[in-house]
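Chemist: Please see the structure below; I have some questions.
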Amino acid sequence: MARGLTLGDIFAKMARGRNVWLSAKFHREVSMGMPASRINLLPPALCNQIAAGEVVERPASVVKELVENSLDAWATRIDVALENGGQGLIRVQDDGTGIRAEDLALAVTRHATSKIADIGDLESIQSYGFRGEALPSIASVSSFSVASACVLPGGETESHVLRVEYGEEQGMAPGALHRGTIVEVRGLFANVPARLKFLRSPATEIKRCQEWLARLALARTDVGFTLESDGRRLLDFLPGQTLLDRLCLVWPSLVTDALAPFDHSQHGMRVHGLCAHPSVSQAKSGRLLVYVNGRSVTDKTVFAAVREAYSGRITSRDHPQAVVFLELDPTEVDVNVHPAKSEVRFRDESAVFGCVATALRQALDNLAGQAPGSAPSAGEGQAVQDLQERSAAFAPARSAPLWSQGVEPAPQGFWGRIDAPLSPALSFARKTGAPAQASADGEWVVSKLGDEALAPLESLQAAEQGCQAPLDQPRVLPPGMPVRDVLSASEGLPDGPAPWGAAPQDAVQDGACTSARAPLKAGPLEYLGQVADTYLVLRDETGALVLLDQHAAHERVLFARFTTRGYRGARQMLALPLELSLRAPESARWLELKGMLEGLGFEGELSGARLAVSAMPAMLERAVAEAFLRACLAGGRDDFNAHFAQMACKAAVKAGQRLSPDEALKLVSDWLAVPEREYCPHGRPAVLRWDAQALEKLFKRRQS
């Protein structure tokens, strides 16, 4: 045995050698004049079975084709009956216009149809069927019969029945039907055992038929539909129902109760339907239904547009739940690209994508406006602005802010200036209740002393140490005196904010503590506390209980900050350029993305295989900017928002981290000011809300 070769390697070499020998033998025989295979016409029976393999996949395919024919015949009621999952019997009856006796034989002939007449009709197809393959394909793999009644021009009605046994016509006879058409399919695939063994259980096939009939019923709410299986009624759609009424019969109430309508027109197209609130999204992908000019299709462009609209509102594991109807000029869409007509091709896919995404995004924005933590009204917005202005006032005045010079200072803590140590004057003003204001040189002074300022300084310490009785020797502070001078004259005065839960100074009376405290509010929400060092407990203006995930909320705030400031191109110059060694594909990608990267704040010069970066976005650190740039040049960062979401997740306050009331209020106020705040950038919910009725259900005080 050769050194380094295993027995498997030897067998593999032998197999490859045999294949080479056989290939050489074949070419040698052909070159010696061996006769080639002749080209022959396939017999009609074989052609029909091949076509049946494309059109008739399972009983649900038969139901779909027959019901679509009934709809094209202007039927107002369609009844479907099944036996043994459709393998025993499929019966479809309608009250449509029917088929003439002389046309019945043509109806089971391939490529015979009344839907189109010339090639120009293919450019503006408005019917469900037009190929003329459904009936002959079904008749070639089943015991098929069709009975139809047609009203003649003189007002008389004629009825005939045509039977076909597995592709062989058995003749036509008069019938007793007075209106419409009845098609019966028995013994499906009995003559094709290879196809029969691929069918699932009767229960599975019935479910597929039920799903397809429901899809067709959602598109034609003006038509009544029924479905029976082995004598049991499964579906019953009354004519004239609304789309929501029919969805309530096939979708769970949890989803249908959260549906909202949408209707948007753009570029000569109209998109309308119903979409579900992202909070009820599930890991089931079958509740995204798309219709193009009334035809149920599975189109990747529309699916991608719906996913884009839900992006950032649901997680990657969940799927949107919506019914989308797209209506456009028939000449702008090709429906003749799939044998089962389940796929279409658009002439302008980008316009379709934009129209669908815009329609769904507007609907979801409206849903978000009705959700907890919705956009504040004019009065509420003013309250949020006032809170932000009061928060900003806690920082000493500066002669010129750094960001006015083009450079943004590094934030102090998580929320910027809000968690900076308070100046001595503000600390004293907080504890005494005396108003404070900034002097001309930026120093905070006590502008006016109330009765609380006459209290002894020792009483402040005593109050914080257990509400002890004040000492007897008061110290009076002259108005306008900087508090730092007071602190130098008195030791032990704390200069930080009062601890959460400590009694305010004006509540200390006669040596007793009271719980009087002004509510902490951020816009329409009142802050009540923190649970598990992760969730902020709030109460909205209606009295409902609101829980805010501090990590998800901060993620959304940072993501909004990154996307707005990042795309403005704010940059910081590098004293030492960042040099990257690039391969040829990376160099080409730099030239391709240069304009977009410069919009983010990058600036660099490419010389040969080396890239010298002289500026980077102001919000990024050097290491993060290098990693981000390499990811972009490697082809993995076409969507910069995905990177911003990752950056926001890493920088956001973590679960299990305790926040002071000031930090919590600042977070809530910032969160109220950003769009799409109900979800983190990855689609996870950021807020939950329970009103009085919801709480009563949780506590079993009411059942509905």
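The values are calculated or read from the model by the stated rules, or taken from the named source; none is laboratory data. Computed from a predicted model, the values in this text were never measured in an experiment. Ideal geometry is used to build each Cβ from the backbone, glycine not excepted, and the neighbour counts take in all protein chains shown. Accessible surface is based on the protein model in full, side chains and every heavy atom, while ligands, DNA and RNA are left aside. Shrake-Rupley method; radii C 1.70, N 1.55, O 1.52, S 1.80 Å.
Chemist: For Thr226, indicate whether it is hydroxyl-bearing (Ser, Thr, Tyr) and within 24 Å of Arg295 (Cβ to Cβ). Steps first, answer last, please.
Modeler: On the way: hydroxyl-bearing (Ser, Thr, Tyr): yes; within 24 Å of Arg295 (Cβ to Cβ): yes.
It is true that Thr226 is hydroxyl-bearing (Ser, Thr, Tyr) and within 24 Å of Arg295 (Cβ to Cβ).
Chemist: Moving on. Among the residues of region 539-597, which ones are of a type in the set (Asp, Glu) and in contact with a helix residue (DSSP H, G or I) (Cβ under 7 Å, 6 or more places away or on another chain)?
Modeler: Listed by number, the residues that qualify are Glu555, Glu586.
Chemist: Are any of the residues in region 255-275 of a type in the set (Asp, Glu) and surrounded by 15 or more Cβ atoms within 10 Å (Cβ to Cβ)?
Modeler: No: region 255-275 contains no residue that is of a type in the set (Asp, Glu) and surrounded by 15 or more Cβ atoms within 10 Å (Cβ to Cβ).
Chemist: Separate question: Let me spell it out: the conditions are (1) surrounded by fewer than 17 Cβ atoms within 10 Å (Cβ to Cβ); (2) without any contact (Cβ under 8 Å) to a residue 40 or more places away in the chain; (3) over 30 Å from Ser350 (Cβ atoms), and Glu228 meets all of them except one. Which number is the exception?
Modeler: Looking at each condition in turn, Glu228 falls short on (2).
Chemist: Select from region 127-158 the residues that are in contact with a His (Cβ under 8 Å, 6 or more places away or on another chain), in contact (Cβ under 8 Å) with a residue 24 or more places away in the chain and not in a loop (DSSP other than H, G, I, E, B) and list them in ascending order.
Modeler: Ala147, Ser148, Ala149
Chemist: Given the residues Leu611, Leu582, Leu667, which is the only one that is surrounded by 20 or more Cβ atoms within 10 Å (Cβ to Cβ), farther than 23 Å from Gly312 by Cα and either without any contact (Cβ under 8 Å) to a residue 40 or more places away in the chain or of a type in the set (A, V, I, L, M) (or both)?
Modeler: One residue alone meets the criteria, Leu611.
Chemist: For region 600-694, give me every one of the strands (runs of 3 or more DSSP E) that falls completely inside it and has 1 or more residues that are over 30 Å from Tyr527 (Cβ atoms) and not hydroxyl-bearing (Ser, Thr, Tyr).
Modeler: Once the strands (runs of 3 or more DSSP E) in region 600-694 are filtered for at least 1 residues that are over 30 Å from Tyr527 (Cβ atoms) and not hydroxyl-bearing (Ser, Thr, Tyr), what remains is 603-607, 610-617.
Chemist: Okay, next question. Within region 255-290, take every residue that is farther than 23 Å from Thr315 by Cα and among the polar types (S, T, N, Q) and give me the one that is modelled with the highest pLDDT.
Modeler: My answer is Ser265.
Chemist: When you check Ser399 against the structure, is it more than 21 Å from Arg561 (Cβ to Cβ), outside any helix (DSSP H, G or I) and at pLDDT below 50, yes or no?
Modeler: Details: more than 21 Å from Arg561 (Cβ to Cβ): yes; outside any helix (DSSP H, G or I): yes; at pLDDT below 50: yes.
Considered against the rule, which asks whether it is more than 21 Å from Arg561 (Cβ to Cβ), outside any helix (DSSP H, G or I) and at pLDDT below 50, Ser399 comes out as yes.
Chemist: Looking only at residues in region 510-536 that are open to solvent by 30 Å² or more (accessible area, probe 1.4 Å), in a strand (DSSP E or B) and modelled with pLDDT under 90, which one is farthest from Asp691 (Cα to Cα)? Give the steps one after another, and end with the answer.
Modeler: Here is the first cut: in region 510-536, the ones open to solvent by 30 Å² or more (accessible area, probe 1.4 Å) are 510-521, 526, 528, 530-533, 535.
Imposing the further condition that a residue be in a strand (DSSP E or B) reduces the set to 512, 520-521, 526, 528, 530-531, 535.
Those left that are additionally modelled with pLDDT under 90: 512, 520-521.
Numbers: Ala512: 36, Leu520: 20, Lys521: 19 Å.
Ranking the candidates gives Ala512 first.
Chemist: I've got another one for you. Return the total of residues in region 42-84 being surrounded by fewer than 24 Cβ atoms within 10 Å (Cβ to Cβ), of a type in the set (Gly, Ala, Ser), assigned to a helix (DSSP H, G or I) and more than 35 Å from the chain's Cα centre (by Cα).
Modeler: 3
Chemist: Further, regarding this structure: What single numbered condition from (1) of a type in the set (Val, Ile, Thr); (2) closer than 24 Å to Val323 by Cβ; (3) buried (at least 17 other Cβ atoms within 10 Å of the Cβ) fails to hold for Ile182?
Modeler: The failed condition is (2).
Chemist: Six or more apart or on different chains, Cβ atoms under 6 Å: show the pairs whose first residue is in region 290-309 and more than 12 Å from Val344 (Cβ to Cβ) and whose second is of a type in the set (Lys, Arg) and not in a strand (DSSP E or B).
Modeler: Ala309/Arg361
Chemist: Of Gly683, Gly656, which residue is modelled with pLDDT of 80 or more and touching a Lys or Arg at 6+ places or on another chain (Cβ under 6 Å)?
Modeler: The match here is Gly683.
Chemist: Every residue in region 537-579 that is under 28 Å from Gly599 (Cβ atoms), assigned to a helix (DSSP H, G or I) and either among the basic types (Lys, Arg) or open to solvent by 20 Å² or more (accessible area, probe 1.4 Å) (or both), please.
Modeler: Those that are under 28 Å from Gly599 (Cβ atoms), assigned to a helix (DSSP H, G or I) and either among the basic types (Lys, Arg) or open to solvent by 20 Å² or more (accessible area, probe 1.4 Å) (or both): Arg556, Phe559, Arg561, Phe562, Thr563, Thr564, Arg565.
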